[in-house]
1. Cβ-Cβ distance below 6 Å, separation of 6 or more or different chains: which pairs start in the stretch 443-471 with a residue that is free of Cβ contacts under 8 Å to residues at least 24 places away in the same chain and end on one that is crowded, with 18+ Cβ neighbours inside 10 Å and assigned to a loop (DSSP other than H, G, I, E, B)?
2. Within the stretch 133-146, which residues are under 18 Å from residue 199 (Cβ atoms) and either buried (at least 17 other Cβ atoms within 10 Å of the Cβ) or touching a residue at least 60 places away in the same chain (Cβ under 8 Å) (or both)?
3. For the stretch 447-464: of the residues being under 22 Å from the mean Cα position of the chain (by Cα) and modelled with pLDDT of 95 or more, which is nearest to residue 382 (Cα to Cα)?
4. Looking at (1) surrounded by fewer than 23 Cβ atoms within 10 Å (Cβ to Cβ); (2) not in a strand (DSSP E or B), can you tell me which one residue 279 breaks?
5. Starting from the stretch 191-204, take each residue that is within 16 Å of residue 225 (Cα to Cα) and list its partners that are modelled with pLDDT under 95 and surrounded by fewer than 24 Cβ atoms within 10 Å (Cβ to Cβ), counting only C-beta distances under 7 angstrom and pairs at least six apart or across chains.
6. Can you tell me which residues in the stretch 234-250 are surrounded by fewer than 24 Cβ atoms within 10 Å (Cβ to Cβ) and closer than 28 Å to residue 202 by Cβ?
7. Does the stretch 405-419 hold any residues that are touching a helix residue (DSSP H, G or I) at 6+ places or on another chain (Cβ under 8 Å) and within 10 Å of residue 432 (Cβ to Cβ), and which are they?
């Protein structure tokens, strides 16, 4: 009989969550680096460079890879021969580890969990509770997998109850383009097949805990249907040409993981869950000898990559830029932003629209300004602001026309594509939408030289800040004519890839 101490479990969860906040899995770094080396799309290659540079900076500085430090998911396998030296429940122990990890003063993590989700939506302030899955197994140990899943990628999860004769491959290839780029490709796809609706979703989430090994599988060959699906989907999803950040390119997924479970004869449940460029998961085993702490990787595992400013890069002074100037920007142009910008995301937009509809004056003028869709991590030590990468822009689409027409806003900065309603509003108002790279939050934060809350402080990380930035890298995603790089880029690269495959075959 093994006895597990309460403090050992708490310390192990705490350590794992801190660790994954700033260390990518080495297999992910290797796969991303290989994809970067092979990438031919300049825009996608630059996006991957930012992700890899950001990752190394986080490994060195022990600060979060992404400003969205995720909702914690735990898979706990508890041996039947385990006893506990504890006065807390296992759920409470895990949540205490989460609480301590997210409030660690040397590396504060963003608290994103809201209680009363369809009502008051009040932040729990410590990122608890975690979503925990338990399994009772043979043995005298406790095995724990922890993951921190960002809201942008989780929002792109898909589920269907297929007919038994329906094609899994066809369904996945239909769903992936509909996911857009809000899940921050390139990443992994987890697919769960069979069981019931909830079992398929759990299988898909659990599949994402496995290491990236698609090239090893290609070498040895498939030995079952799940492995056949992995190989087929890996090739066919990448042939879609979606590319890094949806800009168009050769690599959309680094791996595809498939888990299955026996199914009712009348059903074929299928779930699809993406993991983003901030892939975060860790594993440990408690055997009664003390806490199980993570072993840091070597910085030699990270490639040495730098970004050089090209002759075509456009430097922009946000304090003086005019609508005539933004009219010259084209989709795919690289900009370096300097000057002052405002921030705001879902909650702030909702409050601003409510005020405008009530005839009230906004607490800060948006006229001829740029707004950055971000909820930053709190700063530590001498930081101006913590990691501050973009959030998914489509969530602000329903507010876009009113914001442009009622406030005089000139431009927006966020992550991934815009929906057609937002594109139409941008075109009609001769505005512009710029894209920052999801998965480069710490890198972006280093371009922020000053940060001040200027409105709605009660919203916490969703308050409106004024940032002063120096050379913040962005890409023109929707120009003032309504042309979107997220439509043109993937279409161009899908055609290029198809031509290449046709010539080879």
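1. 453/463; 457/463
2. Those that are under 18 Å from residue 199 (Cβ atoms) and either buried (at least 17 other Cβ atoms within 10 Å of the Cβ) or touching a residue at least 60 places away in the same chain (Cβ under 8 Å) (or both): 133, 135, 137, 145.
3. The qualifying residue nearest to residue 382 (Cα to Cα) is 448.
4. (1)
5. none
6. 234, 235, 236, 237, 238, 240
7. Here is the first cut: in the stretch 405-419, the residues touching a helix residue (DSSP H, G or I) at 6+ places or on another chain (Cβ under 8 Å) are 405-407, 409-412, 414-419.
Passing the criteria: 410, 411, 412.
Every residue, every condition in (1) surrounded by 21 or more Cβ atoms within 10 Å (Cβ to Cβ); (2) part of a loop (DSSP other than H, G, I, E, B), yes or no:
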| site | (1), (2) |
| --- | --- |
| 353 | no, no |
| 363 | no, yes |
| 371 | yes, no |
| 376 | yes, yes |
| 389 | yes, yes |
| 423 | yes, no |
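The values are calculated or read from the model by the stated rules, or taken from the named source; none is laboratory data. Predicted model only: the values in this text are computed from it and were never measured. Reconstructed Cβ throughout: ideal geometry from the backbone, glycine too, with neighbour counts over all protein chains shown.
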